[in-house]
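The values are calculated or read from the model by the stated rules, or taken from the named source; none is laboratory data. Owing to the predicted nature of the structure, the values given are computational and were not obtained by experimental measurement. Don't worry about glycine lacking a Cβ; one is built from the backbone with ideal geometry, like all the others, and counts go over all protein chains shown.
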Amino acid sequence: MAEFQVRAVNKYIMGSPIKARRVVNAVRGMRAQEALQVLALLPHRAAKPVSKTIKSALANAEENYALDAEDMVIAEIMIDEGPRLRRYRAGARGRYKPIKKRLSHITVVLHDDSGWENEA
């Protein structure tokens, strides 16, 4: 059984990391193709960049290492907090109200688990 890891990172995604982690928790530990099908049905806005990152990791596996996309399993998937865009809105009596627009970094690590069905 050959085990090989492939990584893809998508940075500076507009959206809160807390909201994106809800999406990631739904697909953690799945096969990559299954995860893409689940993400296509989720109503959350963060599902699109997460699926894009998984597709990028699959493309890395196929192009760079000649691995089969059917055998890839999500070994690790993380949402890290990126920098915050600080904006201001005018408030009453000449004051200002800060607005923090949060950014996320998505990291996906896939591993080749071709003998996965035989172990169960």
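Do the conditions hold for residue 30, that is, is it exposed (fewer than 14 other Cβ atoms within 10 Å of the Cβ) and either farther than 15 Å from residue 77 by Cβ or not aromatic (Phe, Trp, Tyr) (or both)?
Working: exposed (fewer than 14 other Cβ atoms within 10 Å of the Cβ): no; either farther than 15 Å from residue 77 by Cβ or not aromatic (Phe, Trp, Tyr) (or both): yes.
Judged against the criteria, residue 30 is not a match.
Conditions (1) crowded, with 17+ Cβ neighbours inside 10 Å; (2) at pLDDT 95 or above; (3) of a type in the set (Asp, Glu), marked per residue:
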residue: 7; (1), (2), (3): no, yes, no
residue: 20; (1), (2), (3): yes, yes, no
residue: 38; (1), (2), (3): no, yes, no
residue: 58; (1), (2), (3): yes, yes, no
residue: 68; (1), (2), (3): no, no, yes
residue: 92; (1), (2), (3): no, yes, no
residue: 104; (1), (2), (3): yes, yes, no
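Which fully enclosed helices (runs of 4 or more DSSP H) of segment 1-95 have 3 or more residues being touching a strand residue (DSSP E or B) at 6+ places or on another chain (Cβ under 6 Å) and over 12 Å from residue 108 (Cα atoms)? Don't jump to the end; show me each part of the working.
Details: elements: 17-27, 32-41, 47-65.
Filter on segment 1-95 gives 17-27.
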